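The values are calculated or read from the model by the stated rules, or taken from the named source; none is laboratory data. Nothing here was measured: the structure is a model prediction, and the numbers come from that model. Backbone-built Cβ (ideal geometry, glycine too); neighbour counts: all protein chains shown.
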Amino acid sequence: MLAEYIALAVLAVMALAEWQHARRIGRVRYLAFGPRGSSAAWTLAVPFLNALAMTFVAWGLASLLWHVEARIHNRSTIDYRDIQHLILVVDVSPSMGLTDGGSDQKLTRRERASQVVDSIFERIPLSQFRVTFVAFYTDAKVLLEDSADHEVVRHMLESMPMWHAFHPGKTNLFAGLDMAAKIARPWNPGSTTVLVLTDGDTVPATGMPQIPASVRNVVLIGVGDPQNGRFIDGHLSRQDISTLRQVANRLKGHYHNGNDKQLPSNIVSLITQRDENQNAARWGRREYALAAVLVGSTILSTLPLLLHYFGTAFQGGTRIGLRSP
């Protein structure tokens, strides 16, 4: 409250000073403003603007001095308000081990998914992200939650045959999405991106989960050849583009065929882009104090120029061509 008391004191002193200044101007108004004895109409607001501007500056500087802690900008230290969440929902079914990934179709689908994730990690500020890894097959399991160790994610994608941890059956994409929604629900609104990597081999007809407000973006990336499939477990497995695109539309997200192309820059920018409402909500005393100093100092520096050029139409002195008697 010290800054508020100082601001009130400055306001009282400025009000008294402007009142005294107005009295003195009144005594010489005909000399200063000519036969009319009055300045331009807008100048009636000058005493109030001066007082308010000085009050803004006093409150802002006092707040910065006594109420705001200094910030040290260190790249190794991230403010908790700047942390974003990335949930990887990865298909680990046996069909992800089929070899038809990449532009030359010599990679397994799991290896292609790992390449896509590596490409995304290289294009986002990893220090600001905490990664959660959700593996799904017949159901979903959380293997890593809100971790800053991104190398662990790469290792799990490339080297771990995780389908052994699940009961055999049909792939349940919605189980992975439902698990991601449960994890993200308590987080800040607009702080989370859900990134799904799957071949879209089998997708349930019902059971679409409700995405919480904490999730800003949902991106579905398909891997595997969408044209020529591979046989596994008695059926032809291939990336089902139409189904994955429909799921993405229902989630109000984005779909990308990542089998031979990396994620485009416009979608990567959606992952790194912060929510505008979240940024606006972060305004505190420091931001308001800086704004008050800026507004107040701008008014104080601009008013003298405006008064000089536009304060009155009267121009003192003798006219050219007239002689004094």
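Data table
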item: Residue in segment 139-149 that is in the same structural domain as Gln246 (by TED's automatic domain parsing), modelled with pLDDT of 90 or more and over 32 Å from the mean Cα position of the chain (by Cα) present; result: yes
item: Selected residue [under 13 Å from Met96 (Cα atoms), in a loop (DSSP other than H, G, I, E, B) and at pLDDT below 85] from Thr171, Thr202; result: Thr202
item: Ser191 touching a Gly at 6+ places or on another chain (Cβ under 8 Å), buried (at least 17 other Cβ atoms within 10 Å of the Cβ) and hydroxyl-bearing (Ser, Thr, Tyr); result: no
item: Residue among Leu49, Leu31, Leu65, Leu44 that is at pLDDT below 90, surrounded by fewer than 19 Cβ atoms within 10 Å (Cβ to Cβ) and not charged (D, E, K, R); result: Leu31
item: Those residues of segment 26-65 which are in a helix (DSSP H, G or I) and charged (D, E, K, R), in sequence order; result: Arg27, Arg29
item: Top-ranked residue of segment 150-177 - restricted to ones that are over 14 Å from Phe133 (Cβ atoms) and polar (S, T, N, Q), ranked as farthest from the chain's Cα centre (by Cα); result: Thr171
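The rows are residues; the columns are (1) assigned to a helix (DSSP H, G or I); (2) touching a residue at least 60 places away in the same chain (Cβ under 8 Å); (3) hydrophobic (A, V, I, L, M, F, W, C).
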| residue | (1), (2), (3) |
| --- | --- |
| Arg112 | yes, yes, no |
| Val142 | no, no, yes |
| Glu145 | no, no, no |
| Ala175 | yes, no, yes |
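The rows are residues; the columns are (1) farther than 24 Å from Thr108 by Cα; (2) modelled with pLDDT of 85 or more.
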site: Val219; (1), (2): no, yes
site: Pro264; (1), (2): no, yes
site: Ala291; (1), (2): yes, yes
site: Ala313; (1), (2): yes, no
